[in-house]
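Data block below; observations after.
The values are calculated or read from the model by the stated rules, or taken from the named source; none is laboratory data. Just so it is clear, the structure is predicted and the values come from calculations on it, not from any experiment. As a convention, Cβ positions derive from the backbone with ideal geometry for all residues, glycine included, and neighbour counts pool all protein chains shown. Quick note on the areas: whole protein, heavy atoms, side chains included, nothing else; ligands and nucleic acids left out. Shrake-Rupley method; radii C 1.70, N 1.55, O 1.52, S 1.80 Å.
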Amino acid sequence: MNDLDPLSSFAALLTDQGRALLEEVRDTEPAQELAVATRLRREYPVGLVSAALGQARLRQRAVVKFGAADAGRMYFTPNGVEQSTRASVAAYRARRFQELGVRSVADLCCGIGGDAIALARAGIRVLAVDRDPLTAAVARANADALGLGELIEVREADVTEVATDAYDAVFVDPARRGGRGRVFDPEAYSPPLSWAVRTALEAPLAALKIAPGIPHETVPAEAGAEWISDSGDVKEAVLWFGAGEAGSVRATLLPGPRTLVGRGLPDPRVRPLGRYLYEPDGAVIRAHLVAEVAEELDGGGLIDETIAYITADSLKATPYATAYEITDQLPFGVKKLKALLRERGVGVLTVKKRGSAVEPEELRRKVKPQGPNSATVFLTRVEGAPTMLLGHPAPA
């Protein structure tokens, strides 16, 4: 098996011998790999041992996205683990399709099948298409491994040549990585965003997964834009076509989901720092919906016209921002901060920054926090001036 190509090596993992070997190496730690490989090569072909150990590593990496139960049964490629949708995000999007009455979806650029799996689990029939032979084989194996083979048809093909008119909706997830890493130009996606938009406009309903950093001015007028975060981390943006989505903007926070819909509000006013500082979720910031959050708060406003921190005098619960009670406001200065932390007995220091060039780890090294207490310092600007704000998370 030493000379087998990647597709043949993967096929060998699907045999009875390959599955038995995968089970044997599933809990192998990186430090144990050499010893385990040496032992197993006495019983199994060398290439199969290498393929199984590689797959075990990928499954371990995939747990964070798919959970231990699914990741332990699924198959992956290195790019597939990196680029696949987190299961919680895919499940949320599948529910949206389901609520819109969709019963069949053409999943173009399906990768290893993460979105197809979520759609099938929502009872939706899926055509999953990818042009890479190995990726398509992995997607097919995943559908079978999770008992979803009857709902998922995997087709190895160029997505630009696949007819989608027989499906209720289209989902496109263009590749955003090339040989040199992440691709930022939407027209350098594979396929280009312009092709994906044309395909979406021809479908009754469509969703296009894109990078969350896409400029708002490049969102097509026919689309609604949604930014999604999971446990505070922004994961993706989605352009929705059809179902009255044109021109809408929303931020969705998982778990939940909690969805904030834009109302076209003007930028919040800048006001003096109050007792509380609110840090909007990243999806809210990406969606340009900070004004919608500020309006929910009593007297909420920005601390600086260029900084997405909201301040208010009173505490009010909102799922779209994390609140901190501010105890001190100081002009930026390491010595002043170090003295204050020593006075307060702060040994655990969380450093957040927005609008500052100072690196958090560099600041920690310089102030050398010591003591039994904890605090959060914000390195930012207040009405244009470099400022340090010291505080702690407000009560829930």
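Mind ranking 280-292, 8-20 by how tightly packed they are, going by the mean number of other C-beta atoms within 10 angstrom, highest first?
The packing order, highest mean first, is 280-292, 8-20.
Please tell me which of these pairs span more than 30 angstrom C-alpha to C-alpha: Lys235/Lys368; Lys65/Lys352; Lys235/Lys316?
Over 30 Å Cα-Cα: Lys235/Lys368.
Quick one, could you list the DSSP H helices from the chain stretching 20 Å or more along their long axis (Cα atoms) with average Kyte-Doolittle hydropathy of 0.5 or above?
Membrane-span-like by this criterion, though nothing is claimed about a membrane: 46-71.
Among Leu40, Tyr167, Tyr92, which residue has its Cα furthest toward the positive end of the charge dipole of the chain, with +1 on Lys/Arg Cβ and -1 on Asp/Glu Cβ?
In the chain, that residue is Leu40.
Mind jotting down the distance between the C-alpha centroids of the stretch 50-124 and the stretch 289-344, whole Å?
If you average the Cα positions of each part, the centres end up 38 Å apart.
Restricted to Cα positions, what overall size does the stretch 81-159 have along the principal axes? Three whole-Å values, descending.
In descending order, the Cα extents are 33, 24, 23 Å.
Run a plain Debye calculation on the stretch 1-121 (Cα atoms as equal point scatterers, no solvent) and give log10 I(q)/I(0) at q = 0.11, 0.16, 0.18 Å⁻¹, rounded to two decimals, same order as the q list.
-0.44, -0.79, -0.93
Hey, what did the stretch 1-143 get for relative contact order, percent, Cα under 8 Å, at least 6 apart?
20
Report the chymotrypsin sites (Phe, Trp or Tyr not before Pro) located in the stretch 174-264 that are in a DSSP loop and have at most 11 other Cβ atoms inside 10 Å of their Cβ, or state none.
Phe184
Binned at 10 Å from 0, what are the whole-percent values of the Cα-Cα distance distribution for the chain, short to long?
Taking all Cα pairs of the chain, the binned fractions are 5, 19, 24, 21, 18, 11, 2, 0 percent.
Rounded to the nearest whole Å², what accessible area per residue is found for the stretch 87-147 with the 1.4 Å probe?
The answer is 32 Å² per residue.
Which of the aspartates and glutamates could a cross-linker span from Lys338 if the Cα-Cα distance has to be under 16 Å and same-chain partners fewer than 8 positions apart are dropped?
Asp328, Glu359, Glu361, Glu362
At 25 °C and a viscosity of 0.890 mPa s, what translational diffusion coefficient does Stokes-Einstein give for the stretch 301-396, taking Rh as the Kirkwood radius over Cα pairs? Give it in µm²/s as a whole number.
This corresponds to a translational diffusion coefficient of 177 µm²/s.
When averaged across all projection directions, what area in nm² does the alpha-carbon convex hull of the stretch 163-263 cover?
The orientation-averaged projected area of the Cα hull of the stretch 163-263 comes to 7.2 nm².
Percentage of Cα-Cα pair distances in the stretch 244-318 greater than 15 Å, rounded to whole percent?
Pairs farther apart than 15 Å: 53 percent.
Give me, ordered by chain and number, the residues 5 or more places off Asp281 or on other chains with an amide H under 5 Å from its own placed amide H.
Ala321, Thr322
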